[in-house]
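The values are calculated or read from the model by the stated rules, or taken from the named source; none is laboratory data. None of these values were measured; they are calculated from a predicted model. With ideal geometry, Cβ positions are generated from the backbone for all residues, glycine too; neighbour counts draw on all protein chains shown. The protein model used for the area step is the full one, side chains on, heavy atoms only, and it has no ligands, DNA or RNA in it. Shrake-Rupley method; radii C 1.70, N 1.55, O 1.52, S 1.80 Å.
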Amino acid sequence: QAKAYGGGEFRFFSKSMNEDSAARARMESDLRRAVAEEAFTLYYQPKLNLDTNRFCSMEALIRWPRGDEMVSPAEFIPLAEETNLIVPLGAWVLRRACLDAVALSERTGRVPGIAINLSARQFRQPGLIDAVRSALEESAIPPEKVELEITESMVMDDVETAIETMQALRDLGVRLAIDDFGTGYSSLSYLKRFPVNTLKLDRAFIRDLPHGTEDAAITEAVIVLAKALKLEVVAEGVETPDQLAFLGQRNCAYVQGFLLARPGPLEVMPDIFLSEFV
Ligand code: C2E
Ligand code: MG
Ligand code: MG
Ligand code: MG
């Protein structure tokens, strides 16, 4: 009985493993084709400057239209990393985002800041500098309008090489941000060595504001720390007016989140950039 049961379980297990690997293989070949055909879309999420109450910049967030769904990056960026498809995909994002920012300026009269997420493998890959340089050249965007977002975990396993890469990027004139700040495992002492411009405080700290007392303390401290280090600070994931009020009272200069604007296609950006947030 036990043996029969075990055998049945094994068959069941191996069938579902086969299904998983078949689904993965299908996803991989679809992804490969999508990269070749550049069949992706960039959504943009604006960032609000709380001093001026205007949107000043936007973050590119990739989407993969597949059938009638929009696949989110969490579902395919890891696969793109494993298969190295992130290299051509990342180059496409850089180029498209810079071109879109310049296109937006034709509607609004000024080039917005454009924030672009890098992934771990893309950051470590030697062609990155050339990919950034050619996106800058092709779009003719002023380099200082471009901010590349990296995470702490991306830089920590080889700090010295990472600093060289960061410096090479800064030498192109672009800005650097640490995304999801506070959730990685980097030490504060690196903040003075990393040539970054901006800290993006992870939305995990914002979620329970203004009531989460630890989160409130951390948020306040990071705002003060950033100011002292002459870094810009952006609070991510702002969803409620209370969170916004808390951040405004503590002089957090920049905010991003569903309360201000959800990520959306380029077409909806002109109206957002031409209006004031009320
Ligand atoms: P991220 O860079 O930290 O981006 C913020 C994520 O939080 C986005 O999810 C955004 O839609 C979401 N978000 C923004 N405001 C709020 C809010 O108020 N509440 C909540 N609950 N969520 C909010 P998304 O677009 O699914 O992207 C997820 C992650 O995928 C990004 O995290 C980024 O790490 C990565 N990613 C996105 N686009 C790219 C890309 O072009 N290249 C690479 N390498 N990674 C990307
Ligand atoms: Mg980001
Ligand atoms: Mg983030
Ligand atoms: Mg994130």
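So here's what we get for this one:
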| read-out | value |
| --- | --- |
| Pairs, first on the phi > 0 side of the Ramachandran plot in region 89-115, second open to solvent by less than 30 Å² (accessible area, probe 1.4 Å) and aromatic (Phe, Trp, Tyr), C-beta under 8 Å, six or more apart | none |
| Of all residues in region 244-258 being more than 16 Å from ligand 2 (Cβ to nearest atom) and out of contact with any helix residue (DSSP H, G or I) (no Cβ under 6 Å at 6 or more places or on another chain), the one that is nearest to His211 (Cα to Cα) | Phe246 |
| Residue within region 132-143 that is touching a strand residue (DSSP E or B) at 6+ places or on another chain (Cβ under 8 Å) and of a type in the set (D, E, K, R) present | no |
| Residues of region 89-106 satisfying the condition of being of a type outside the set (A, V, I, L, M) and in contact with a Leu (Cβ under 8 Å, 6 or more places away or on another chain) | Gly90, Arg96, Cys98, Asp100 |
| Which numbered condition Arg175 fails, given (1) more than 16 Å from ligand 4 (Cβ to nearest atom); (2) over 26 Å from Arg124 (Cα atoms); (3) under 15 Å from the mean Cα position of the chain (by Cα) | (2) |
| Total residues in region 116-151, condition open to solvent by less than 20 Å² (accessible area, probe 1.4 Å) and hydroxyl-bearing (Ser, Thr, Tyr) | 2 |
| Any pair with Cβ under 7 angstrom, 6 or more apart, that starts in region 147-165 at a residue that is in contact (Cβ under 8 Å) with a residue 40 or more places away in the chain and ends at one that is open to solvent by 30 Å² or more (accessible area, probe 1.4 Å) | Glu147/Arg175; Glu149/Asn117 |
